[in-house]
Amino acid sequence: MCPGGVVTASASEKGGVVTNGMSFHERDLENANSAVVVSINPEDFGGEENPLAGIEFQREFERKAFELGGSNYHAPVQLFKDFKEKRVSTAFGDIYPTYRPGATFANLWECLPAYVCESLSEGITAFGKWLDNYDRGDAVLTGVETRTSSPLRITRDDDLQSNVRGIYPCGEGSGYAGGIMSAAIDGLKVAEQIIKTYKTMDKTDK
Ligand SMILES: Cc1cc2nc3c(=O)[nH]c(=O)nc-3n(C[C@H](O)[C@H](O)[C@H](O)COP(=O)(O)OP(=O)(O)OC[C@H]3O[C@@H](n4cnc5c(N)ncnc54)[C@H](O)[C@@H]3O)c2cc1C
């Protein structure tokens with residue numbers, strides 16, 4: 001949840017739209033934004049065979065979002081009441097998107113797998129039971145946040161090294177974190193392991 005924040009453009013490839021969220025220090029802007037995350041497993045995108053299948057899976061929906069947004073890096077948006085009915089919205093209610101450079105009304109079911117949309121619809125409705133107005137009809141969904149965590153993992157052994165000795169895969173890009181805190185903790189874990197490894201080597205050398 002980014003209180004008083006914005007939905008930001010986070011694409012890293014031509015012809016793709018990717019969103020993320022952030023708040024400026026004041027956290028005083030009009031909207032409260034949150035990413036609603038749906039778990040995707042390797043079997044959902046054939047990741048058992050091809051280690052890069054997850055990246056292709058992300059790209060597919062980022063490109064669809066780009067096209068649905070108007071192929072001009074605008075993001076596709078939909079009001080929650082219309083999302084539940086799979087129909088394109090025609091006007092905003094009290095809430096306006098903060099995504100720049102712009103937003104285009106679209107049916108987000110066309111740029112996300114149906115099982116993801118079903119989970120989003122159920123999840124947002126369920127959150128609405130705990131958080132007043134979370135599932136209000138004019139809440140704006142802006143798509144697509146596909147980079148919540150890395151779709152691949154570089155394997156590492158018990159002393160956190162990869163099969164290339166001396167390489168310590170860590171953090172989000174290597175598939176061991178999904179967010180600032182978990183990345184920092186994983187970085188600390190690897191640093192501690194490196195100290196331990198080289199301390200042991202020091203002792204054995206003497
Ligand atoms: C717009 C946006 C908003 C976000 N908001 C939040 C939030 O509110 N809360 C939250 O918890 N997380 C948020 N995240 C996610 C968070 O930023 C990441 O999870 C976190 O930064 C991962 O840390 P990391 O150290 O693993 O990787 P990174 O922070 O990605 O660091 C990797 C570093 O490696 C450098 N690098 C890459 N390739 C090379 C190379 N070949 N040689 C040398 N250096 C290289 C990169 O320049 C980068 O500095 C957000 C992400 C984005 C994009």
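The values are calculated or read from the model by the stated rules, or taken from the named source; none is laboratory data. The structure displayed is predicted, hence computed values, not measured ones. Quick reminder, even Gly has a Cβ in these numbers, built from the backbone with ideal geometry, and neighbours come from all protein chains shown. SASA here: full protein model, heavy atoms, side chains in, ligands and nucleic acids out. Shrake-Rupley method; radii C 1.70, N 1.55, O 1.52, S 1.80 Å.
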In region 171-185, which residues are more than 7 Å from the ligand (Cβ to nearest atom) and buried (at least 17 other Cβ atoms within 10 Å of the Cβ)? Ser174, Gly175, Tyr176
Within region 144-170, considering residues that are modelled with pLDDT under 95 and within 11 Å of the ligand (Cβ to nearest atom), the one least open to solvent (accessible area, probe 1.4 Å): Ser150
Go through (1) among the charged types (D, E, K, R); (2) at pLDDT 95 or above; (3) not in a loop (DSSP other than H, G, I, E, B) and name the single condition Glu43 misses. (2)
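Condition (residue is assigned to a strand (DSSP E or B) and away from the ligand (no atom under 16 Å from the Cβ)) applied to region 20-35: is it met by at least one residue?
Looking through region 20-35, none of the residues is assigned to a strand (DSSP E or B) and away from the ligand (no atom under 16 Å from the Cβ).
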Could you run through region 33-59 and say how many residues are open to solvent by less than 40 Å² (accessible area, probe 1.4 Å) and in contact with a helix residue (DSSP H, G or I) (Cβ under 6 Å, 6 or more places away or on another chain)? 3
May I ask you to list pairs of residues, at least six apart or on different chains, whose Cβ atoms are under 8 Å apart, with the first in region 78-91 being closer than 15 Å to Gly143 by Cα and the second being acidic (Asp, Glu)? Leu79/Asp138; Phe80/Asp135; Phe80/Asp138; Val88/Asp82; Ser89/Asp82
Mind checking which residues of region 7-19 are assigned to a loop (DSSP other than H, G, I, E, B) and buried (at least 17 other Cβ atoms within 10 Å of the Cβ)? Ala11, Gly16, Val17, Val18
Out of the residues in region 186-201 meeting the condition of being closer than 19 Å to Thr155 by Cβ and within 13 Å of the ligand (Cβ to nearest atom), tell me which one is surrounded by the most Cβ atoms within 10 Å (Cβ to Cβ). Val190
